[in-house]
């Protein structure tokens, strides 16, 4: 099984050679692949404060750790496919991997995927905040279960 | 029923659907979220992004005349094209792009009333096909300073006690927030508003379905309740100039105000400026503001 590091490198590689239009298309593919919330998480969404307040749009994140492995469950409003795609990428990179490895998601992932220029500075900063949010969430859960 | 001052500048989704193949018409989508266009756009529409396409990437200004011409040519827009703008978020960015096109003197610009939301509600389809229009022919004019206010002009305008509109949320206006509720990246080091500015949050221009309110309702709000004068010079601002371009559009085109400018530097500039007056709280505050002390150096 590949590591988080390897998966991140693979995703960066997928985006690397694409032009901006293709980059956005790939991002939308990721967005379309983010599964809808299960009934359990729908219920939790109503009960818990999981909205990411740093975000431009309605984003709900559950960075979780189960038996030492990372699991990111998320819901992002359909009118924000950029955020949705980026969250889906983070989920794909870390889900099922040792939770401690989530720390190796680079803070500048967006830049390394070449998406920062496609999206512009203000949007990029918002997405950068999500990386920090997920990493902090997983780290806190890991510490709590240690 | 009173009509808008310039009714032709708004088109319905039905009108757009009937002009998808009209070679004189170019449909332009401008969004907050770029990937929305990629996911699905009106068939044949091109995308113009406010941040990547319309702003210069080095200095804080719009692209220059030559870059604007190049952009139009690549998007298949010619001087005589009817350009119809639409987008997400109640057409904020559509109005912003409309304003930049007017800045460079484009003649026939329209807004599709209700934007993406109304197109969706009307059950019209989206396309994810790539659009590669034939190149246009374009010569832009120099920037039209009559619709754009820069900082020094705003300061003079403020000192003279002329009409100023702050279209941000009441929390931002009162100075309780230095950024919009969900936009922490666009903050300022000081909160409040430009003294003398009246707060008319942008949603007051729109209906639930994203379309603009009727001429009667808009007139009631701006002219009868706020007692704004159509002939007096007016400047609108928000945080980065996008929501205020929507209000600029409403005042200028729907209500027929004669002299309206958008202050695109908006609070992101004003709230970070040294020695400009700021008022806090729910009242407009005096036009004079705190008097600048005379110092040297």
So which helices (runs of 4 or more DSSP H) are wholly in the stretch B:31-127 and hold at least 2 residues that are touching a strand residue (DSSP E or B) at 6+ places or on another chain (Cβ under 6 Å)? B:92-103
Let me confirm something: among A:120, A:137, A:96, which residue is in contact (Cβ under 8 Å) with a residue 12 or more places away in the chain and more than 19 Å from residue A:5 (Cβ to Cβ)? A:137
Could you please find all residues in the stretch B:130-144 being within 14 Å of chain A (Cβ to nearest Cβ) and buried (at least 17 other Cβ atoms within 10 Å of the Cβ)? B:131
Candidates B:191, B:136 - the one that is over 21 Å from the mean Cα position of the chain (by Cα) and not assigned by TED's automatic domain parsing to the domain that holds residue B:71: B:191
Check whether at least one residue in the stretch B:256-265 is over 14 Å from residue B:154 (Cα atoms), at pLDDT 95 or above and out of contact with any helix residue (DSSP H, G or I) (no Cβ under 9 Å at 6 or more places or on another chain), and report yes or no. yes
Kindly indicate whether residue B:14 is within 14 Å of chain A (Cβ to nearest Cβ), under 27 Å from residue B:128 (Cβ atoms) and at pLDDT 95 or above. no
Quickly run through the stretch B:241-267 and pick out the residues that are closer than 21 Å to residue B:191 by Cβ and surrounded by fewer than 22 Cβ atoms within 10 Å (Cβ to Cβ). B:265
Would the stretch B:245-261 turn up any residue that is part of a loop (DSSP other than H, G, I, E, B), out of contact with any strand residue (DSSP E or B) (no Cβ under 8 Å at 6 or more places or on another chain) and touching a residue at least 40 places away in the same chain (Cβ under 8 Å)? yes
Checklist (1) surrounded by fewer than 22 Cβ atoms within 10 Å (Cβ to Cβ); (2) assigned to a helix (DSSP H, G or I) applied to residue B:222, failing item: (1)
Unmet requirement for residue B:50, which otherwise passes all of (1) crowded, with 23+ Cβ neighbours inside 10 Å; (2) more than 12 Å from chain A (Cβ to nearest Cβ): (2)
Within the stretch A:87-95, is there a residue that is over 12 Å from the mean Cα position of the chain (by Cα) and within 22 Å of residue A:58 (Cβ to Cβ)? no
Selection status of residue A:125, without any contact (Cβ under 8 Å) to a residue 40 or more places away in the chain and either away from chain B (no Cβ under 14 Å) or surrounded by 14 or more Cβ atoms within 10 Å (Cβ to Cβ) (or both): yes
Qualifying position, being at pLDDT below 95, touching a strand residue (DSSP E or B) at 6+ places or on another chain (Cβ under 8 Å), within 13 Å of chain B (Cβ to nearest Cβ) and surrounded by 16 or more Cβ atoms within 10 Å (Cβ to Cβ), among A:59, A:87: A:59
Considering only helices (runs of 4 or more DSSP H) fully contained in the stretch A:35-146, which possess at least 3 residues that are in contact with a helix residue (DSSP H, G or I) (Cβ under 9 Å, 6 or more places away or on another chain)? A:81-94, A:109-112, A:116-119, A:121-145
Tally the residues that are within 14 Å of chain B (Cβ to nearest Cβ) and in a helix (DSSP H, G or I), restricting the search to the stretch A:1-34. 15
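The values are calculated or read from the model by the stated rules, or taken from the named source; none is laboratory data. All of these numbers come straight from a predicted model, not from anything done at the bench. Here the Cβ is made from the backbone with ideal geometry for all residues, glycine too, and neighbour counts use every protein chain on show.
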